[in-house]
Amino acid sequence: MLLPAEKELRAVLARFADARFRHDLQPTGRSSQELEDTSYTLCVMTGTRSVNEALAAADALLKQLRADDCATAKVSQTLAA
């Protein structure tokens, strides 16, 4: 599976949170569709089948990306020294 870029993953998570918030405050047909669309996109990006699985997978991916960034920074600092 290809890993999504951090920027795109964070953007979809933000869109999902916004859609969820708006739908919970005032459910309409439009808010329902937006929530469904962002949920689907999040599931596709994370290779999961449910929103709960997708959110957990997104958290794990972001932790992995942060760890990779920290490791790269340490290697760069070591090489520069």
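The values are calculated or read from the model by the stated rules, or taken from the named source; none is laboratory data. Everything quoted here is computed from the prediction, not taken from an experiment. Ideal geometry is used to build each Cβ from the backbone, glycine not excepted, and the neighbour counts take in all protein chains shown. The area values use the complete protein model at the heavy-atom level, side chains included, leaving out ligands, DNA and RNA. Shrake-Rupley method; radii C 1.70, N 1.55, O 1.52, S 1.80 Å.
Structure data summary
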quantity: Selection status of Arg66, of a type in the set (Lys, Arg) and at pLDDT 95 or above; calculated: no
quantity: Meets criteria (over 21 Å from Leu61 (Cα atoms) and β-branched (Val, Ile, Thr)) for Thr38; calculated: no
quantity: Output for segment 1-44, where each listed residue is in contact with a helix residue (DSSP H, G or I) (Cβ under 6 Å, 6 or more places away or on another chain) and modelled with pLDDT under 95; calculated: Pro4, Glu6
quantity: Residues (within 18 Å of Ala5 (Cα to Cα), open to solvent by 50 Å² or more (accessible area, probe 1.4 Å) and not in a helix (DSSP H, G or I)) located in segment 20-51; calculated: Gly47
